[in-house]
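Everything below concerns the one structure shown next.
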Amino acid sequence: MTLQTVLTPPTDATPADLITEGAAALDAVSSSARLDAELLLGKATSLSRTALRMSPERRVAADQCAAYRSLLERRRQGEPVAYLLGTQDFWTLTLTVTPAVLVPRPETELVVERALLHLPAASTASALDLATGSGAIALAIAAERPHVAILATDVSVAALDVARGNAARLGLDRVQFRAGSWYDPVGPQRFALIASNPPYVAAGDPNLEPAVLAHEPTIALLADGSGFAALEAIIAGAPAHLQPDGWLVLEHGWQQASRLRNLLELAGFRHVRSHADLAGHDRVTEGQWPAKPE
Ligand SMILES: C[S@@+](CC[C@H](N)C(=O)[O-])C[C@H]1O[C@@H](n2cnc3c(N)ncnc32)[C@H](O)[C@@H]1O
């Protein structure tokens, strides 16, 4: 066999041609069609977006064109770009994601921001991330607070495998992971901070995109009780797991803030307030467990 027969011949297609083709193919299904196309071409060619832009005359090999078109088709069918790439950037981290975990969203960075405000830079406190999924919240806190002891839990063993892999790859393996529902795997330990982005969407919610429901884990999205069951379970268990003056920080849906504030106040939390995401919607609500509950 000669070298000529081993190498895949180049096509006439350049990166610019393929990105234009991809952006057109994804236009009807994605609000970021061109970016998606660039990222997927990067995946198929193992080249960065910058490298693709810097070499407009490059001819893309036939097998790479085929791989790209197959990724485009999967994207057209609604698969999240993050699952196709196998990674998602979150906070300062690049996390591995698989269909076993929710793709971490930018608004969840607001949970991290609030958590860090409650954990001073040199803090040696302990923190709990309930429903950790890919490990996003726990690992972002760990990256910023090297002396905080962090426990992260999830009911999904498959999700925890992804989270543990992320912790190891990022050198953040001091984060502990345990499997189980809400506080079951936690024991009697109390924390200075509990953070969570639990499932909070009601079944049948018309705001939930069908492609999200079709591809991301149902257990990560839907909650009973009009979407409040998980949030209520977390609030109910928090007093037994928070230290005096400890904080509970919760992500929730954009229409859930006012009821959530009521639930926290009824449970005895103080300094209850909500925080808006970049779109101006209240998406994170927090409260402090008093040193002397009434
Ligand atoms: C919305 S995802 C959040 C994942 C991650 N924290 C993030 O922000 O990307 C919700 C997570 O809750 C987990 N979960 C669902 N029911 C649970 C339960 N009863 N106990 C613990 N975790 C649960 C799911 O497995 C999923 O990983």
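The values are calculated or read from the model by the stated rules, or taken from the named source; none is laboratory data. In this text, all values refer to a predicted model and were calculated from it rather than measured experimentally. All Cβ positions, glycine included, derive from the backbone under ideal geometry; neighbour counts span all protein chains shown.
Going through the range 215-228 one residue at a time, which ones are assigned to a helix (DSSP H, G or I), more than 9 Å from the ligand (Cβ to nearest atom) and under 21 Å from THR108 (Cβ atoms)? Steps first, answer last, please.
Within the range 215-228, the subset assigned to a helix (DSSP H, G or I) is 215, 218-221, 225-227.
Checking which are more than 9 Å from the ligand (Cβ to nearest atom) leaves us with 215, 218, 225-227.
The answer is HIS215, THR218, GLY227.
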Has the range 227-244 got any residue that is more than 26 Å from SER156 (Cα to Cα) and not aliphatic (A, V, I, L, M)? yes
Is there any pair with a first residue in the range 228-244 that is within 20 Å of LYS292 (Cβ to Cβ) and in the same structural domain as ARG283 (by TED's automatic domain parsing) and a second that is β-branched (Val, Ile, Thr) and not in a helix (DSSP H, G or I) whose Cβ atoms are under 8 Å apart and which are 6 or more apart or on different chains, and what are they? ALA238/ILE194; HIS241/VAL186; HIS241/ILE194; LEU242/ILE194
Which condition number does ALA159 fail, the rest of (1) within 11 Å of the ligand (Cβ to nearest atom); (2) in contact with a strand residue (DSSP E or B) (Cβ under 7 Å, 6 or more places away or on another chain) being met? (2)
Considering only residues of the range 101-126 that are in contact with a helix residue (DSSP H, G or I) (Cβ under 6 Å, 6 or more places away or on another chain) and not β-branched (Val, Ile, Thr), which is surrounded by the fewest Cβ atoms within 10 Å (Cβ to Cβ)? LEU116
Number of positions in the range 249-284 that are outside any helix (DSSP H, G or I), buried (at least 20 other Cβ atoms within 10 Å of the Cβ) and hydrophobic (A, V, I, L, M, F, W, C): 4
Any chance you could count how many residues in the range 16-37 are closer than 17 Å to GLY78 by Cα and either surrounded by 15 or more Cβ atoms within 10 Å (Cβ to Cβ) or hydroxyl-bearing (Ser, Thr, Tyr) (or both)? 12
Mind listing just one residue for me: the one in the range 81-128 that is among the aromatic types (Phe, Trp, Tyr) and within 12 Å of the ligand (Cβ to nearest atom) and, of those, farthest from the chain's Cα centre (by Cα)? TRP91
Return yes or no: is THR94 among the β-branched types (Val, Ile, Thr) and modelled with pLDDT under 95? no
Counted residues, the range 147-180 - those being over 13 Å from ALA131 (Cβ atoms) and touching a Pro at 6+ places or on another chain (Cβ under 9 Å): 2
Got a number for residues in the range 188-211 being in contact (Cβ under 8 Å) with a residue 40 or more places away in the chain, away from the ligand (no atom under 11 Å from the Cβ) and among the hydrophobic types (A, V, I, L, M, F, W, C)? 5
Given the conditions (1) part of a helix (DSSP H, G or I); (2) in contact with a helix residue (DSSP H, G or I) (Cβ under 7 Å, 6 or more places away or on another chain); (3) more than 14 Å from the ligand (Cβ to nearest atom), which single one is not true for GLU73? (2)
